[in-house]
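Participant: Pasting a structure here, questions to come.
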Amino acid sequence: MKTIGAVSLAMILSALGASAPAAERAITFESLLAEMVDRDAAARFPDPAYTCRQASSYDRASVSPDDPGAWQANNDRSFFLRSETNGGREESVMLDAKGPGCVVRFWATSGNPIGNIRVYIDGAEEPVINEPAKGLVGGDALVGPPLSKVRARGMNLYLPIPYAKSCKITYDRPNFHKTRNEDDLLYYQINYRTYQADAKVQSFSREVFDGAKDRIAQLQEELLQPPFGATKQRSRDGFRLPPATLRQGDSAQLAPQRLSGPAAVVFLAVRLKAEDLAAAARSTVLSIQFDGEETVWCPVGDFFGSGVGVNPYQGWWRSVGKDGWMACFWVMPFQKSCRIDIRNLGQQFVEVEAELGTVPWNWDERSMYFHTNWRLEYPIDASVHHDWNYVQITGKGVYMGDTLAINNPVEGWWGEGDEKIYFDGQQFPSHFGTGTEDYYGYAWCTPEFFESPFHSQPLAEGPRNKGHVTNTRVRLLDGIPFTKDFRFDMEVWHWVPVEMVYAATTYWYGLPGAKGNYGPMPEKARVFVAQGPKPRKVEGAIEGETLKILERTGGSIEVQEIAQHKWSDNKQLWWLDGKPGDKLVLALDVQKAGKYALKAELTKAIDYGIVRLSLDDKPLGQPIDLVNDGVIRQVYSLGTCELSAGPHRLTIEIVGSNPKAVKRHMFGLDYVKLEPAQ
């Protein structure tokens, strides 16, 4: 593979016509390819100006946050702008954009996307692109990876499609909402730019595309290259912090007195070593000041897109190596000075190494400072579906991406919620998504590793979406400019009611004076390190879900896991939909013969029944009514028994239900406890 090295494709292509005024320069397919990999361009406010919006299949019941139920509506599939007939075909319109612009990202998925997608440019009756959906988006109908690829069941296309006057995109399958045929189902998101009205844009055509195939191949190669070597080669100055051991509260300054401007940091790499490396990645914090103002404060693991721990992956703006080095390639300009500090907020010793490189920078009125905001919240009550704020910004700048690191205490999907992005006073979001995983470029809550220049899932601990998860997405052509303000919200929506940890890291550029709403959170970086909330554990408890089932005459059995109810180890043995007279017999093993006080913690709720408990066919007190308006736990004393060592039979019999109960006769056993008695 040929190495492009310090002279990038972006620099070669952007040199063509770069001296012309912005209003006179044409935006072409090739100039967009160049812009995609021009790291320096990201640090200057766009000229010519544009906005970035999104068309998607979000549930159209969501009209206003004043109607919370509808605002969180979740039927985010097969909604289109309208239906129309073209050439005798019924086509559903996904995007209808007016003015000069460019499609910059296309994500889609479905059960089986067998329809065709058509792209009509500048009002033409015939489409310039007409391809099967799974060939165009994620396949190789136009380009292959990394610009087009399926990642964790999500179909992605990042090939720019420019247009001078308008763009309409359609899908030709019948509407799923009418047919209920899974083959007609489609979830989609299309991100597109709209340039200022006088911008000159060369429209996409097959001739333009075919003429640029060599350039596309070169771009594909550059996007996949490990960026560290080429970026270091480009640097004017390189500074290295040799290994330094930091105690709690210590900090190390990288290249003190040597970072003077005007210049730009073009790479920054950090490696940590500690006994508990996952904890160190969260409790070791990176702070960066540009021209005397701190614009970056973030735990090291989150800053580099790794989340909790050091999780290798390679992207365009950041990468994490198997050797532990975490690197970023954001271009971070400053006029006079830059200060970079690494602080250990944790209790353990942490060894830190760091390296950075800078280049000269011509600071002008379009130059922007790099910002990173970090926010962690625990507990988040996922039983209440709501919009959770990533960041809110005042000022002028460009939003460039984010990392979401969550801890999910149960085996269940946590990310049904949609992104909602507003800018410049919008009351309704310009980006209304279809699911958290869709925003991050995958689909169907697939908990598997993937990496790309644009988006990655470097951590999916499992099993089945349980544990720590890191999703990260960065923006190349799909950056979002704003001139007054910017807000990013993500819906919290879990399949089961639990308490979760959410940590969001946002990356953006801002002209001087731009501010984000979240400052340093040292206490949260100290407390919430490697693990999320630990489940309640009852000493000496024999967990209900561990008991062997000897007999069951009706209903069904599950192990129910919900952290919110605070069962011991977050689980209970759940018997549901039995009938009066049904019995459940469990094996209760006694390790040592003796006299014991028998206790059990049981669950009460509106659909629970009345039960009688027996041990070795001897009743343990009176029947217990388990009905309650809400879900609660209650410990019951079941008497004192003389027990031999070995197996015993614990029987639960459904004897009826409270008149107020929903008649499902449920029973939940959190634990049994045998306490030695005198």
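The values are calculated or read from the model by the stated rules, or taken from the named source; none is laboratory data. This structure is a prediction, so every number in the text was calculated from the model and none was measured. Here Cβ is always computed from backbone atoms with ideal geometry, including for glycine, and neighbour counts include all displayed protein chains.
Participant: Mind listing whichever residues of region 472-487 are farther than 22 Å from Arg39 by Cα and surrounded by 24 or more Cβ atoms within 10 Å (Cβ to Cβ)?
Facilitator: Phe486
Participant: Residue check: is Asp577 assigned by TED's automatic domain parsing to the domain that holds Val672 and more than 12 Å from Cys641 (Cβ to Cβ)?
Facilitator: Yes; evaluated as a whole, the condition is true for this residue.
Participant: Mind telling me which of the residues Val137, Val93, Val143, Val128 ends up being under 25 Å from Glu207 (Cβ atoms), within 29 Å of the chain's Cα centre (by Cα) and in contact (Cβ under 8 Å) with a residue 60 or more places away in the chain?
Facilitator: Of the residues listed, the single one that is under 25 Å from Glu207 (Cβ atoms), within 29 Å of the chain's Cα centre (by Cα) and in contact (Cβ under 8 Å) with a residue 60 or more places away in the chain is Val143.
Participant: Output the residue which, of all residues in region 182-207 that are touching a residue at least 12 places away in the same chain (Cβ under 8 Å) and more than 34 Å from the chain's Cα centre (by Cα), is surrounded by the fewest Cβ atoms within 10 Å (Cβ to Cβ).
Facilitator: Ala197
Participant: Still on this structure, please answer the following. Which condition breaks for Pro226 when tested against (1) touching a strand residue (DSSP E or B) at 6+ places or on another chain (Cβ under 6 Å); (2) exposed (fewer than 15 other Cβ atoms within 10 Å of the Cβ); (3) not hydroxyl-bearing (Ser, Thr, Tyr)?
Facilitator: Going through the list (1) touching a strand residue (DSSP E or B) at 6+ places or on another chain (Cβ under 6 Å); (2) exposed (fewer than 15 other Cβ atoms within 10 Å of the Cβ); (3) not hydroxyl-bearing (Ser, Thr, Tyr), Pro226 breaks only (1).
Participant: Just checking: which of the strands (runs of 3 or more DSSP E) contained wholly in region 468-521 hold 1 or more residues that are closer than 23 Å to Asn407 by Cβ and touching an Asp or Glu at 6+ places or on another chain (Cβ under 6 Å)?
Facilitator: Of the strands (runs of 3 or more DSSP E) lying wholly inside region 468-521, those with at least 1 residues that are closer than 23 Å to Asn407 by Cβ and touching an Asp or Glu at 6+ places or on another chain (Cβ under 6 Å) span 485-492, 499-510.
Participant: Just wondering, is there one or more residues in region 566-583 that are surrounded by 20 or more Cβ atoms within 10 Å (Cβ to Cβ), within 34 Å of the chain's Cα centre (by Cα) and in a helix (DSSP H, G or I)?
Facilitator: Yes, region 566-583 contains at least one residue that is surrounded by 20 or more Cβ atoms within 10 Å (Cβ to Cβ), within 34 Å of the chain's Cα centre (by Cα) and in a helix (DSSP H, G or I).
Participant: Then there is this: Please indicate, with yes or no, whether at least one residue in region 313-325 is part of a strand (DSSP E or B), in contact (Cβ under 8 Å) with a residue 24 or more places away in the chain, within 23 Å of Thr358 (Cβ to Cβ) and of a type in the set (A, V, I, L, M).
Facilitator: Scanning region 313-325 turns up at least one residue that is part of a strand (DSSP E or B), in contact (Cβ under 8 Å) with a residue 24 or more places away in the chain, within 23 Å of Thr358 (Cβ to Cβ) and of a type in the set (A, V, I, L, M).
Participant: Okay, moving on. Is at least one residue of region 117-125 farther than 29 Å from Thr472 by Cα, among the aromatic types (Phe, Trp, Tyr) and in contact (Cβ under 8 Å) with a residue 12 or more places away in the chain?
Facilitator: Yes, region 117-125 contains at least one residue that is farther than 29 Å from Thr472 by Cα, among the aromatic types (Phe, Trp, Tyr) and in contact (Cβ under 8 Å) with a residue 12 or more places away in the chain.
Participant: I'd like the residue in region 349-381 that is in contact with a Ser or Thr (Cβ under 8 Å, 6 or more places away or on another chain) and in a loop (DSSP other than H, G, I, E, B) and, out of all such residues, is surrounded by the fewest Cβ atoms within 10 Å (Cβ to Cβ).
Facilitator: Phe349
Table: residues versus (1) touching a residue at least 40 places away in the same chain (Cβ under 8 Å); (2) more than 27 Å from Val104 (Cβ to Cβ).
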position: Tyr378; (1), (2): yes, yes
position: Ala382; (1), (2): yes, yes
position: Met400; (1), (2): yes, no
position: Gly441; (1), (2): yes, no
position: Gly462; (1), (2): no, yes
position: His468; (1), (2): yes, yes
position: Asn471; (1), (2): yes, no
